[in-house]
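Notes for the one structure printed next.
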Amino acid sequence: MLWGIDFAALWANVWVKAVVINLGAAVVGFIFDKVVARVLVMLTSKTRTDIDDKIIAVLHKPIFWSVTLGGAWWAIHVLALPRPAPFILFGIVKTAAVFIWIRAFLNIGTIFLTWIAEAQDKLSIVQPRTLPLFDIAVKVVVVGGGTYAMLLAWDINVTGWLASAGILGLAIGFAAK
């Protein structure tokens with residue numbers, strides 16, 4: 001007992017544990033982000049291009065939020081809530097993580113394509129005039145993959161949809177022929 005507070009009794013409360021886990025995960029996420037960023041900046045300072053510096057700048061928030069959402073995941077387990085609350089909360093945490101990483105991958109794709117287009121290599125297929133085409137392709141792939149991950153996060157079986165999309169693709173292909 002310290003300052004009139006019974007910490008053992010306080011720690012026995014699952015809600016207090018959940019709050020401490022969430023706060024601890026946020027602190028660990030902040031520290032992890034700073035350590036990883038410092039190490040990566042030291043490693044990338046030796047390169048000739050600045051693309052890696054831009055990618056590291058994009059990765060700060062996703063790293064922090066991924067660790068923080070991992071803490072939220074753990075806190076939900078500790079709470080041992082009755083059904084369907086865990087399913088809904090886990091789905092929200094997974095969806096938030098997917099949105100965070102979709103945004104990061106979209107930014108990284110744009111940075112990478114711009115870097116390739118600005119390179120003086122005329123043999124490259126990605127040039128300033130073809131950049132919008134590849135940018136749209138990257139966005140479609142990232143958003144499509146993110147949508148797939150989000151559906152899986154909510155335990156939605158996408159097998160039938162993928163089979164239907166494959167059959168539709170074949171039909172469109174034959175029709176275009």
Inset, instruction - Please indicate, with yes or no, whether at least one residue in the range 129-136 is of a type outside the set (S, T, N, Q), out of contact with any Ser or Thr (no Cβ under 7 Å at 6 or more places or on another chain), under 30 Å from Ile92 (Cα atoms) and touching a residue at least 24 places away in the same chain (Cβ under 8 Å). - result: no
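For the condition surrounded by 12 or more Cβ atoms within 10 Å (Cβ to Cβ) and modelled with pLDDT under 90, what is the one hit in Pro86, Pro128? Walk me through how you get there before you give the answer.
Numbers: Pro128 fails: surrounded by 12 or more Cβ atoms within 10 Å (Cβ to Cβ).
After applying the criteria, what remains is Pro86.
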Inset, instruction - Check Phe134, Phe174, Phe99, Phe105 and return the single one that is more than 30 Å from Ile21 (Cα to Cα), open to solvent by 40 Å² or more (accessible area, probe 1.4 Å) and either modelled with pLDDT of 95 or more or over 22 Å from the mean Cα position of the chain (by Cα) (or both). - result: Phe174
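For the range 1-114, list the helices (runs of 4 or more DSSP H) that sit wholly inside it and hold at least 2 residues that are under 30 Å from Asp135 (Cα atoms); which are they?
14-44, 51-79
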Inset, instruction - Sort out which residues of the range 146-166 are in contact (Cβ under 8 Å) with a residue 12 or more places away in the chain and within 13 Å of the chain's Cα centre (by Cα), and write them in order of number. - result: Gly146, Ala149, Met150, Ala153
Legend entry - Count of residues meeting criterion [surrounded by 14 or more Cβ atoms within 10 Å (Cβ to Cβ), of a type outside the set (D, E, K, R) and in contact (Cβ under 8 Å) with a residue 60 or more places away in the chain] in the range 15-53: 2
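The values are calculated or read from the model by the stated rules, or taken from the named source; none is laboratory data. Quick caveat: nothing in here was measured; it's all calculated off a predicted structure. Using ideal geometry, Cβ is built from the backbone for each residue, glycine included, and neighbour counts are taken over all protein chains shown. Ligands, DNA and RNA are stripped out before the accessible areas are found, and what is left, the full protein with its side chains, is counted by its heavy atoms. Shrake-Rupley method; radii C 1.70, N 1.55, O 1.52, S 1.80 Å.
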